[in-house]
Amino acid sequence: MSSLSTRHLIGIKNITEADIQLIFETADNFKELINRPIKKVPSLRDITVANIFFESSTRTRVSFELAEKRLSADTVNFAASSSSVSKGETLLDTVNNILAMKVDMVVMRHPAPGACVYLADRIPANVVNAGDGTHEHPTQALLDAFSIREQLGDLAGKKIAIIGDILHSRVALSNVFCLLKLGAKVRVCGPPTLIPKYYGDLGVEVSHDIMDTLRWCDVANVLRIQLERQDIKYFPSLREYHQYYGVTKSMLESLDKEIVVMHPGPINRGVEISSDAADSKQSIILQQVENGVAVRMAVLYLLASKG
Amino acid sequence: MQNGKVLLSPQRFELTIERICHQLIEDWGDFSDVCFVGIQMGGVPLGNRIVERLKVLTGNEQILYGKLDITFYRDDFRLNNKQLAPHPNEMNFTVADRNVLLIDDVLYTGRTIQAALSALQHYGRPKTVELITLVDRRFNRHLPIQADYTGMVVDALDEAYVKVRWQEIHGTDEILLFDKKN
């Protein structure tokens, strides 16, 4: 069996299609495993993983922690708000101090784009990016693509729309890289102020018409409006955003086909997606969360075997 | 790959499996409180053969049979550079209070069986566990593990490699001995 082409998972941009397929095939086994009565295997029993979160997170942190525990790894959790970072310690010092306690892998979320690359170049442990600013969130893209594959089979030729706040979204960028590598057709849709100009150069279509996009796509991945990153007014009000770009159940019902609805969470109900659409039978939001654990187990398992 | 020495020809191969089946019937009757567990990969083709043959011989179509993947329980993870690839795991029953007949093609160091015993614990506490193997390399054990049902015994040096080939996978049924792996 081939192994991953990298020791770190920094972004989807740096890995190959073969890597993605290997992660999916391994995740298939872990998905079966986490549905057994006893969901634990001893593979990573000699490994310690530090989960270092400089930004708040619920799903990703819990998902990584569960993945680590189900592989029998020892885990240490570290949140920047309650640490010496608030006393002025640098990122490298913080991480080196943790590594001095013999940690083998680091899962890190950081508000600065590129923080994980910086770290991977300087420390001996494997680094997994759990989101670096507005740059990449590779495990989210992998679990999104894994969930689509589960629903529709091979992604080649499938039409995937990414709708919402593309500008601030690391999920969007990682998703675009991942879907294009797997041969899918990708369209991003949102208000002109929330789609960076260079997006067209990545090989995706750009649209500002939500209904046209929904008619075009097989899968709609709806992204959250990142309220915490709206440093200037990108749109007049949340109400107006919902009116022009919110996905509702009546819109889904007006289509002549049934599309798959996804959302990486957390949902702002009534803003980018209405409650009835988020809870509809077309929505696979909770399957995405379940698959997240399996995909992260696969990533940790494959990286750990690279040493 | 070099040509291996044939230890068991297709004709004797079938007879060997037949003999194991009859031994099993003598010991376990109609297999009502027994389950078979084939270890991925090598144990599964052997398990398929044995279970199919036993269904014909006993008329019991309900024989419990699962396929166990032991990849995540192996003790050599991270000890070599080879990526350990998992295989499908199909265990649709628990082994609690059942007599488990574990199946593998070649019993060599015993480490696979040790991993399988760990994996099995995740499916309950079996009443007993016995081991069926087609080839027993009896002088190469690293652990105190022995087979209860054996197709043939092979005495070979540590660096030798025994390969079981299956009609449905490799086009012929035979057991080959090579001087060294690859």
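The values are calculated or read from the model by the stated rules, or taken from the named source; none is laboratory data. In this text, all values refer to a predicted model and were calculated from it rather than measured experimentally. With ideal geometry, Cβ positions are generated from the backbone for all residues, glycine too; neighbour counts draw on all protein chains shown.
Numbers for the structure displayed
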item: Subset of region B:147-165 [in contact (Cβ under 8 Å) with a residue 12 or more places away in the chain and either within 29 Å of B:Thr128 (Cα to Cα) or of a type in the set (Lys, Arg) (or both)]; result: B:Ala147, B:Asp148, B:Tyr149, B:Thr150, B:Gly151, B:Met152, B:Val153, B:Val154, B:Asp155, B:Val162, B:Lys163, B:Val164
item: Condition met for A:Glu258 (surrounded by fewer than 17 Cβ atoms within 10 Å (Cβ to Cβ), among the charged types (D, E, K, R) and either in contact (Cβ under 8 Å) with a residue 24 or more places away in the chain or closer than 17 Å to A:Gln226 by Cβ (or both)); result: yes
item: Scan of region B:168-182 for residues that are polar (S, T, N, Q) and on the phi < 0 side of the Ramachandran plot, ordered by number; result: B:Thr172
item: Meets criteria (farther than 18 Å from A:Val41 by Cα, surrounded by fewer than 21 Cβ atoms within 10 Å (Cβ to Cβ) and within 14 Å of chain A (Cβ to nearest Cβ)) for B:Asn60; result: no
item: Filtered residues of region A:256-271 (kept if under 21 Å from A:His208 (Cβ atoms) and modelled with pLDDT of 95 or more); result: A:Ile259, A:Val261, A:Met262, A:His263
item: Filter result (buried (at least 17 other Cβ atoms within 10 Å of the Cβ) and assigned to a loop (DSSP other than H, G, I, E, B)) within region B:146-165; result: B:Ala147, B:Val154, B:Ala156, B:Ala160
item: Filter result for A:Glu55 (modelled with pLDDT of 95 or more, under 26 Å from A:Pro266 (Cβ atoms) and either touching a strand residue (DSSP E or B) at 6+ places or on another chain (Cβ under 7 Å) or small (Gly, Ala, Ser) (or both)); result: no
item: Positions within region A:261-277 being surrounded by fewer than 20 Cβ atoms within 10 Å (Cβ to Cβ) and part of a helix (DSSP H, G or I), in sequence order; result: A:Ser275, A:Asp276
item: Only one of A:Tyr198, A:Tyr244, A:Tyr234 that is more than 16 Å from the chain's Cα centre (by Cα) and either crowded, with 16+ Cβ neighbours inside 10 Å or in a loop (DSSP other than H, G, I, E, B) (or both); result: A:Tyr234
item: Residue in region A:155-178 that is within 28 Å of A:Met297 (Cα to Cα) and acidic (Asp, Glu) present; result: no
item: Positions within region B:166-177 being crowded, with 16+ Cβ neighbours inside 10 Å and among the acidic types (Asp, Glu), in sequence order; result: B:Asp173, B:Glu174
item: In region A:272-307, residue farthest from the other protein chains (Cβ to nearest Cβ) [restricted to those that are within 21 Å of A:Ile210 (Cα to Cα) and polar (S, T, N, Q)]; result: A:Ser274
item: Answer from A:Phe30, A:Phe53 - the residue that is under 23 Å from the mean Cα position of the chain (by Cα), away from chain B (no Cβ under 14 Å) and surrounded by 20 or more Cβ atoms within 10 Å (Cβ to Cβ); result: A:Phe53
item: Residue check, B:Gln114 part of a helix (DSSP H, G or I) and either surrounded by fewer than 16 Cβ atoms within 10 Å (Cβ to Cβ) or at pLDDT 95 or above (or both); result: yes
item: Odd one out for A:Leu92, checked against (1) over 20 Å from the mean Cα position of the chain (by Cα); (2) within 29 Å of A:Gly153 (Cα to Cα); (3) away from chain B (no Cβ under 14 Å); (4) of a type in the set (A, V, I, L, M); result: (2)
item: A:Pro42 vs. criteria surrounded by 14 or more Cβ atoms within 10 Å (Cβ to Cβ), outside the structural domain of A:Ile148 (by TED's automatic domain parsing) and assigned to a loop (DSSP other than H, G, I, E, B); result: yes
item: Selection count where residues are more than 9 Å from chain A (Cβ to nearest Cβ) and assigned to a loop (DSSP other than H, G, I, E, B), scope region B:76-111; result: 12
item: Given (1) modelled with pLDDT of 95 or more; (2) farther than 15 Å from B:Cys35 by Cα; (3) surrounded by fewer than 14 Cβ atoms within 10 Å (Cβ to Cβ), number of the condition B:Lys127 does not satisfy; result: (2)
item: Positions within region B:63-84 being of a type in the set (S, T, N, Q) and under 17 Å from A:Val41 (Cβ atoms), in sequence order; result: B:Thr71, B:Gln83
item: Single unsatisfied condition, B:Tyr65 versus (1) free of Cβ contacts under 8 Å to residues at least 60 places away in the same chain; (2) within 14 Å of another protein chain (Cβ to nearest Cβ); (3) crowded, with 21+ Cβ neighbours inside 10 Å; result: (2)
